[in-house]
Amino acid sequence: MDVSKPSVARMYDHLLGGTDNYISDREACAELLRMAPSTRELALINRAFLVRAVRYLAAECGVRRFIDHGSGLPTRPNVHQVAHEVDPSSEVVYIDNDPIVLAHGRMMLAEDPSTTSVLQADMRHTDKIFTSPEVTRLLRDQQPVAALFVSVLHCIPDRHDPWALVHRVAERLPPGSYMVISQLASDDAQLRDEVTAFMKDITNDTWGRVRSLQEVNRFFEDLELLEADEPVEVSRWKPDTDLSVRQATQEWIEYGGVARIP
């Protein structure tokens, strides 16, 4: 692990006000903020969307099982903490391939190892994930499962087809399961190109890209959107209050929603 090079997970941690990051991550975030000044608010908005979506699925839809793809560094409240507020028996599997995420995740397991697991895997490796003991346990009796892809699909290059990934996961979940999806999006082609080039540079060309709103809409094909007729800027998805964080500018947004698998 070379901490002289920025990590996407640690950059996100810094934007959320966390402490598990290094100067390389903070310098990369400063450059992102130069290109897109609303980036910090965007990260906070996305995290609040994740919390609202998990709470909604647990409290309103009766979901007790969650798979968090590309979970990132633990940030309170975490998915299992939100779900446990509704039902302490709720089960969560976190999936990530970042070594720092895994180390912190395993420390987090001490809170409740009977219901929370961390799986070291690339989220693109659907077969590996869905044949793991951690995930097969969630599928044991065909109860609904929520698969989370929250602010991670832009990390996947087009050549690895993130749309196919979402549909592979949907096909493996029990009928009546749910998908929570958000992704960095903009209809400003110049900004998309500038930010994408920067992120590819700092990740050695392993990052994906900022996508257009129409491209994000494709993730929801064959799914039934809930609480909205179409994907939205995620601060608009069932907001708790009018006082929640808003972006002063919207050169890019977190765009997505919550959907049911028919």
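The values are calculated or read from the model by the stated rules, or taken from the named source; none is laboratory data. None of the values given here were measured: they were computed from a predicted structure. Cβ atoms come from the backbone with ideal geometry, glycine included; neighbour counts cover every protein chain shown.
For segment 23-39, enumerate the residues that are touching a helix residue (DSSP H, G or I) at 6+ places or on another chain (Cβ under 6 Å), more than 16 Å from LYS200 (Cβ to Cβ) and either of a type in the set (Val, Ile, Thr) or surrounded by 14 or more Cβ atoms within 10 Å (Cβ to Cβ) (or both). Spell out how you get there, then give the answer.
Filtering segment 23-39 for residues touching a helix residue (DSSP H, G or I) at 6+ places or on another chain (Cβ under 6 Å) gives 25-26, 28-29, 32-33, 35, 39.
Those still in the list that are more than 16 Å from LYS200 (Cβ to Cβ) too: 25-26, 29, 33, 39.
The answer is ASP25, ARG26, CYS29, THR39.
Looking at PRO231, PRO262, which is the one that is surrounded by fewer than 18 Cβ atoms within 10 Å (Cβ to Cβ) and either modelled with pLDDT of 90 or more or within 25 Å of GLY62 (Cα to Cα) (or both)?
None of the others qualify; the one that does is PRO262.
Do we have any residue at all in segment 205-218 that's touching a residue at least 60 places away in the same chain (Cβ under 8 Å), over 24 Å from MET35 (Cβ atoms) and either of a type in the set (Val, Ile, Thr) or surrounded by fewer than 16 Cβ atoms within 10 Å (Cβ to Cβ) (or both)?
No, that holds for no residue.
Have a look at ALA59, ALA103, ALA43 and point out the one that is surrounded by fewer than 16 Cβ atoms within 10 Å (Cβ to Cβ), in contact with a helix residue (DSSP H, G or I) (Cβ under 7 Å, 6 or more places away or on another chain) and aliphatic (A, V, I, L, M).
ALA59
Assuming ASP13 fulfils every condition listed in (1) surrounded by 23 or more Cβ atoms within 10 Å (Cβ to Cβ); (2) out of contact with any Asp or Glu (no Cβ under 6 Å at 6 or more places or on another chain); (3) part of a helix (DSSP H, G or I) apart from one, which condition is it?
All conditions are met except number (2).
Would you tally the residues in segment 129-151 being surrounded by fewer than 16 Cβ atoms within 10 Å (Cβ to Cβ), within 15 Å of GLU171 (Cα to Cα) and modelled with pLDDT of 95 or more?
Residues in segment 129-151 being surrounded by fewer than 16 Cβ atoms within 10 Å (Cβ to Cβ), within 15 Å of GLU171 (Cα to Cα) and modelled with pLDDT of 95 or more: 3 in total.
Just the residues that are small (Gly, Ala, Ser) and over 16 Å from the mean Cα position of the chain (by Cα), please, taken from segment 214-262.
Within segment 214-262, ALA228, SER244, ALA248 meet the criteria.
What about GLU254, is it more than 20 Å from ALA59 (Cβ to Cβ), in contact (Cβ under 8 Å) with a residue 40 or more places away in the chain and of a type in the set (Asp, Glu)?
yes
Has segment 163-180 got any residue that is of a type in the set (A, V, I, L, M, F, W, C), within 19 Å of ASP13 (Cα to Cα) and within 14 Å of the chain's Cα centre (by Cα)? Before the answer, list the steps.
Kept after step one, since they are of a type in the set (A, V, I, L, M, F, W, C), are these residues of segment 163-180: 163-166, 169-170, 173, 179-180.
Now narrow it down to the ones that are within 19 Å of ASP13 (Cα to Cα): none.
No: segment 163-180 contains no residue that is of a type in the set (A, V, I, L, M, F, W, C), within 19 Å of ASP13 (Cα to Cα) and within 14 Å of the chain's Cα centre (by Cα).
Do we find a residue being under 19 Å from the mean Cα position of the chain (by Cα) and either closer than 22 Å to CYS61 by Cβ or among the hydroxyl-bearing types (Ser, Thr, Tyr) (or both) anywhere in segment 101-109?
no
Exactly one of (1) in contact (Cβ under 8 Å) with a residue 40 or more places away in the chain; (2) surrounded by fewer than 17 Cβ atoms within 10 Å (Cβ to Cβ); (3) in contact with a Pro (Cβ under 9 Å, 6 or more places away or on another chain); (4) in a helix (DSSP H, G or I) is unmet by HIS154. Its number?
Condition not satisfied by HIS154: (2).
Is it true that ARG76 is under 15 Å from the mean Cα position of the chain (by Cα) and either under 24 Å from GLN183 (Cα atoms) or surrounded by fewer than 22 Cβ atoms within 10 Å (Cβ to Cβ) (or both)?
Yes: the conditions hold for ARG76.
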